[in-house]
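Heads up, the thing below is written out as structure tokens.
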Amino acid sequence: MFVQLICKDRTQAQMDELYEVLGALAAREGVQIEDRGHDVEILVCPQGKIVAIEEGKDMILSANTRQGGPGFHAFVVDLFKDIQEEIPGDYEMIDDTEYDKDGDFDRLVQLYENELDYVRKMILEDPQFRNKNYMFDETYYLPKAEKGKVLTATGDMDENEFKAKNLSDLMDHFYVWNNWDRDARFYRNAALTLLAKEGYGQFSKMNDQTEKIADEICDDLEIAFRMDPSLPLPLKAYDELCKTLGRENKLEGAIGMDREAVQYRTREVYHVFEDAKVVAPGTAERSYDPATQSVFLMAPYSEDEEWNWLIQASKQPSILPDLEAVKAVEPIHEEDGRVIWLDEYEQDGIRYLDAIIRDDERYLYLHVLCKSIAEQDYLRSCILQSGFYA
């Protein structure tokens, strides 16, 4: 699902006027707008944003609405129509659902249910599909599925329940905005999606971004409770966040959900770059070095704590201090066809693990350091689970 508005042949003054209108509309709707330098983003909800870019004399506003849900799709179309009413000019609207033509929200919801029915069929029948990102709009990691479980945007679900659940109820596990209005159900879905995708648990105050997300989760749950006190909410996760953040608990008297919220990042996950995957805790702090084409994963830490280990992963062999020493060790042959060379050593009280992972003609190189034997044992297990996507 996709919506685009092309604002054609604008002068710079007209471009500036469009940005002013976007800012005013964002303020009216109570959503955040951010200038990223190369584009402007309107952050409507988790899994739902509008991106504005300039191409020559055109401004192009686009939104991938597949994970946001039918409510988000309708919101984008209506916002784009508001822009056209506010500023005269030459426009082209592209809506692959044709909701912009008939405004039939019930038909739009049916399209999303049909899409979800197809996704469910693929999950149940195609093992390779489960390895793909069918849950999130964009992500640098993918959860590791447990046996008998199906991954959804709000957490994993028992496979039998997934098979039997009717589509209208399953929608909330895959899409954030499923009704016309931003009602209590919307805010609960937003919180559950953020918890599943970006919840850092005890490490929620690790940096400004993790703290911002944790506060947003709490805000959404509090709004949901004010709008509908009878709606079940993830009270345990909320209480833990309040204690970590030092917030007042404002859900006194709220009804708890039958099952608690899932936070994928509090488990081991696949950290993804290009076609490679590196197993490590989802709470690891990630950065990228373009000079060495490396991904760095640093151990999570609480306030006033230091990190205890670091993983550097790249498809470039130059990250290994002594490539020949790694090649000289006895290789490990895994059942799935991977071959792993792993060299472990200690220097100046720091423990190192240097590895080469070969999968057919693809090579992944890892340079890992840590402080303790326990961490060394754990990181060794992470290396042995890493590799490439099929």
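Among 176-188, 343-355, 361-373, sorting by the average number of other beta carbon atoms lying within 10 angstrom of each residue, highest first, gives 176-188, 361-373, 343-355. Extending 7 Å from the Cα toward the beta-carbon at both Q84 and R267 defines two label points whose distance is 4.5 nm. Gain on full extension, evaluated as 0.36 nm per residue between Y301 and E92 minus their Cα-Cα distance, stands at 70.4 nm. With contributions of -39500 (n - 2.57) from each DSSP H run of at least four residues, the per-residue ellipticity at 222 nm computed over the chain stands at -11000 deg cm²/dmol.
Report the relative contact order of the range 179-252, percent, no decimals, based on alpha-carbon pairs under 8 angstrom and at least 6 residues apart.
The normalised contact order for the range 179-252 reaches 37 percent.
Ranking Y91, F105, N178 by Cα position along the charge dipole of the chain, where only Lys, Arg, Asp and Glu carry charges on their C-beta atoms, puts N178 farthest toward the positive end. What angle, in degrees between 0 and 90 and rounded to the nearest 10, separates the Cα long axis of helix 105-125 from the longest principal axis of the Cα atoms of the chain? Tilt of helix 105-125: around 20 degrees. Here the calculated FRET efficiency for L384 and N166, from their Cβ-Cβ distance with R0 = 56 Å, stands at 0.85, rounded to the nearest 0.05. Overall, the chain carries a charge dipole of about 920 debye about its Cα centre when +1 sits on the Cβ of Lys and Arg and -1 on the Cβ of Asp and Glu, all other atoms neutral.
Cβ-Cβ distance of D215 and K371, R₀ of 41 Å, FRET efficiency by 1/(1 + (r/R0)^6): the value works out to about 0.80.
Considering only P234, V295, A313, the residue lying farthest towards the positive end of the dipole of the range 234-353 is P234, judged by Cα position with unit charges set on Cβ. Within a straight-line Cα-Cα reach of under 22 Å, K212 can be paired with the following lysines, leaving aside sequence neighbours fewer than 8 residues apart in one chain: K49, K197, K236, K243, K250. Accessible area per residue for the chain is 48 Å², calculated with a 1.4 Å probe on protein heavy atoms, without ligands, DNA or RNA.
For the range 241-284, the residue among V279, V262, L251 whose Cα projects farthest onto the positive side of the dipole built from Cβ charges is L251.
On the protein heavy atoms, probe 1.4 angstrom, tell me the percent of accessible surface of the chain carried by carbon and sulfur. Taking all protein chains in place, the chain shows 46 percent carbon and sulfur surface. Stretching L245 away from E125 to a fully extended chain increases their span by 39.0 nm, per 0.36 nm per residue minus the current alpha-carbon distance. The length gained on full extension between V329 and R226, counted as 0.36 nm times the residue separation minus their Cα-Cα distance, comes to 30.9 nm.
The values are calculated or read from the model by the stated rules, or taken from the named source; none is laboratory data. Model, not experiment: these values are computed from the prediction. Virtual Cβ from ideal backbone geometry, glycine too; neighbours counted across all protein chains shown. For accessibility, only protein heavy atoms count, side chains too; no ligands or nucleic acids. Shrake-Rupley method; radii C 1.70, N 1.55, O 1.52, S 1.80 Å.
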